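Derivation of every value follows stated rules applied to the coordinates shown; laboratory data play no part. What you see is a predicted model, and the numbers here were worked out from it, not measured in a lab. Note: ideal-geometry Cβ built from the backbone for every residue, glycine included; neighbour counts use all protein chains shown.
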């Protein structure tokens, strides 16, 4: 279920982007904040529940992936607030706003977790790349740069996951 929230810019800032350009950026940042927090929690779900012959390797990989994604939650939220907005980053807010599908509870086998994460990363990386373009269109180079950093990391993580199913 996707919830939309009205984004207000309650805090003044001297960042030289007009309010008309900052408001859609705060909305975009909050949307990607929801996805990033959700992706982090789904990676941890895989980390906690993986079973099978590659348990240790995947358990360790999933923890590494989560650790690399986690800092982006804070960076994205802080950018939204720097633009004069409010970061909507609680677990319930993220769950209500994330564009990622729910993680399958029946995933146990390592390869099932890998496949589920590949699907979510593919959606996530595509939405982050679109966010780069939107930030550029709104003349917000700092947000575009942040999203580019996220994109580089998430693309590499997707590559790591896909390498587990490629021959």
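A few remarks follow.
- Between 0 and 90°, nearest 10: helix 19-49 axis offset from the chain longest Cα axis: 20 degrees
- Packing order of peptides 111-121, 130-140, highest average first: 111-121, 130-140 (average count of other Cβ atoms within 10 Å over each peptide's residues).
- Principal-axis tilt of helix 110-137 within the chain, Cα atoms, nearest 10 degrees: 20 degrees
- Cα point-scatterer Debye curve for the range 19-162, base-10 log of I(q)/I(0) at q = 0.09, 0.12, 0.16, 0.20 Å⁻¹: -0.27, -0.47, -0.78, -1.13
- Helix 55-82 axis versus longest C-alpha principal axis of the chain: approximately 0°, rounded to the nearest ten.
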